[in-house]
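The values are calculated or read from the model by the stated rules, or taken from the named source; none is laboratory data. Bear in mind that the values here come from a model prediction, so they are computed numbers and not experimental data. Note that we place each Cβ from the backbone using ideal geometry, even for glycine, and neighbour counts take in every protein chain shown. Areas reflect the complete protein model, heavy atoms only, side chains present, ligands, DNA and RNA absent. Shrake-Rupley method; radii C 1.70, N 1.55, O 1.52, S 1.80 Å.
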Amino acid sequence: MTNIRSVVRGVGSYLPARIMKNDELASIVDTSDAWIRERSGIEQRHIAADGEFTSDLGVAAAKNALGHAGLTSHDIDLIIVATTTPDLTFPSTATIIQEKLGLRGGAAFDIQAVCSGFVYAVHVADAMIKAGPYRNVVVIGAETFSRILDWEDRTTCVLFGDGAGAMVLGREDNTEQGVINSFIRSDGQHCDLLYVDGGPSRTQTVGHVRMEGKQVFRHAVKDIALAMKTCVGQVGIDIKDVNWMVPHQANQRILDGVGRQLGLKPEQVISTVAKHANTSAASVPLAFDTAVRDGRIKRGDLALLEAFGGGFTWGASLLRY
Ligand code: UT7
């Protein structure tokens, strides 16, 4: 029987030019560089320019990933975009990106799983590659989270940033590389702990991020660790055979806690939270691309991706790069 795999043909990312350091935030809300660093590990975040939209960030990341894969946009038959900050309520940001990439064929749609969106999108892309005619899928996590922050709320506005990451997944038969397993979960009973207080149906506004940080933190550490163990355990792989943990970049203390629980060395945990802050669905592919570009993640390495976000939603993906 043919063993179909969704292999990572290329990765890419994009960060807006403007960097906002913690000190700048301290001039907006009652906070300090020391508090933000100590509680979250964040030193700075990138902020999209006026007129720079989620689709623009996503297009730049997708182009980088296509270049890395040695493909052009015409090789792509499916675009999946994970985002919580779409350009518009509709059409999907994926179709806007499709147009900006000059693609006339194939299909494109968005996924909404907040910070877990990229892990969800990899799972969906992998299933569609295995089930259907799709040969090359661009999976993008792209966010302009700065647009939904309450810049007067110090408990949230210091934590997030803008950016995009992309991965080209392509069908290959009988290979050891590619997505080995994915595990996704959600539990809607906690939707009031991390949410946006607006939306087209309920308020006809976009709304702002609201979070009970401490409670989210507790759930995140527990659920992420279990998701990662389940994801490797389901396919009989030992966590000690994993080379890299590529986590959602919400808080350095979460990364440290989960890494410790799983017995991973700190240097195996890819951390970009200091420089990128929490870019929601973009954070995992941004971290993955960073570690590929700087030579840490190499072809053949086993990487375990994880994410946790509003909903709650969470999950993990195991892949051999
Ligand atoms: O991406 C989705 C997943 N998101 C997450 O996983 C985020 C999870 N949560 C967290 O990362 C952390 O809970 C935070 C970084 C949000 C907060 O850290 P914490 O250690 O849980 O702090 P806290 O919320 O308990 O706040 C401690 C104190 C409070 O003051 P009191 O009540 O002790 O007097 C806050 O009012 O720090 C205060 N505080 C701040 N002080 C300075 C809250 N935000 C700030 C701030 N600057 N920005």
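Derived scalar couplings between HN and Hα for segment 142-152 equal 9, 8, 10, 5, 4, 7, 10, 8, 8, 6, 10 Hz in order, rounded to whole Hz, by the Karplus curve 6.51 cos²θ - 1.76 cosθ + 1.60 (θ = phi - 60°), x for Gly and Pro.
Relative contact order for the chain: 26 percent, from Cα pairs under 8 Å spaced at least 6 residues apart, divided by residue count. Taking Tyr195, Tyr120 and ordering them by how much accessible surface each has at a 1.4 Å probe, largest first, produces Tyr195, Tyr120.
For segment 73-83, 3J(HN,Hα) computed residue by residue from phi via the Karplus equation (6.51, -1.76, 1.60; θ = phi - 60°) reads 4, 6, 7, 8, 10, 7, 10, 10, 10, 9, 7 Hz, glycine and proline entered as x. Across segment 301-310, rounded Karplus estimates of 3J(HN,Hα) from the backbone phi angles (6.51 cos²θ - 1.76 cosθ + 1.60, θ = phi - 60°) give 6, 9, 10, 10, 8, 8, 7, 8, x, x Hz, Gly and Pro being marked x.
With contacts taken as Cα pairs under 8 Å at a separation of at least 6 residues, segment 178-320 carries a relative contact order of 37 percent. For Ala108, nonlocal amide neighbours, meaning residues 5 or more places apart or on other chains whose placed amide H falls under 5 Å from its own, are Ile79.
Between Ala17 and Gln215, the simple spin-label model (points 7 angstrom out along Cα→Cβ) gives 4.3 nm.
Average accessible surface for segment 178-320: 42 Å² per residue, computed with a 1.4 Å probe over protein heavy atoms with every protein chain in place.
Over segment 4-173, accessible surface divided per residue gives 38 Å², non-protein components excluded, 1.4 Å probe. Between Asp150 and Val209, the built amide H atoms are under 5 Å apart, and every one of these is 5 or more places off in sequence or on another chain.
Value of Rg to Rh for segment 4-173, rounded to two decimals, is 1.03; Kirkwood radius and Rg both from alpha-carbon coordinates. Cross-linked pairs Lys229/Lys275; Lys100/Lys275; Lys222/Lys275; Lys240/Lys265; Lys229/Lys265; Lys214/Lys265: Cα-Cα separations exceed 20 Å for Lys229/Lys275; Lys100/Lys275; Lys222/Lys275; Lys214/Lys265.
Placing +1 on the Cβ of every Lys and Arg and -1 on the Cβ of every Asp and Glu, with no other charges, gives segment 1-43 a dipole of roughly 480 debye about its Cα centre. About its Cα centre, the dipole of the chain is roughly 760 debye, where the only charges are +1 on Lys and Arg Cβ and -1 on Asp and Glu Cβ. When both bridge partners sit in segment 21-140, DSSP labels roughly 10% of those beta bridges antiparallel. Positive end of the dipole of segment 178-320 (Cβ unit charges, origin at the Cα centre): among Leu226, Ala250, Ser271, the Cα lying farthest that way belongs to Ser271. The DSSP beta bridges internal to the chain are antiparallel in roughly 70% of cases.
Remark: spin-label model distance Ala107-Arg202 equals 3.0 nm, labels positioned 7 Å along the Cα→Cβ axis.
In a reduced charge model with +1 at each Lys and Arg Cβ and -1 at each Asp and Glu Cβ, segment 178-320 shows a dipole moment near 200 debye about its Cα centre.
Ranking of His68, His190, His74, His248 by solvent-accessible surface, largest first: His74, His68, His190, His248 (1.4 Å probe, protein heavy atoms only, all chains present). Assuming a ≥ b ≥ c are the square roots of the Cα gyration tensor eigenvalues, decide whether segment 30-93 counts as rounded (a/c under 1.5), prolate (otherwise, with a/b larger than b/c) or oblate. Prolate.
With all protein chains in place and a 1.4 Å probe, the accessible surface of the chain carries 52 percent carbon and sulfur. On the basis of the beta-carbon distance and an R0 of 22 Å, Leu302 and Ala131 show a calculated FRET efficiency of 0.35.
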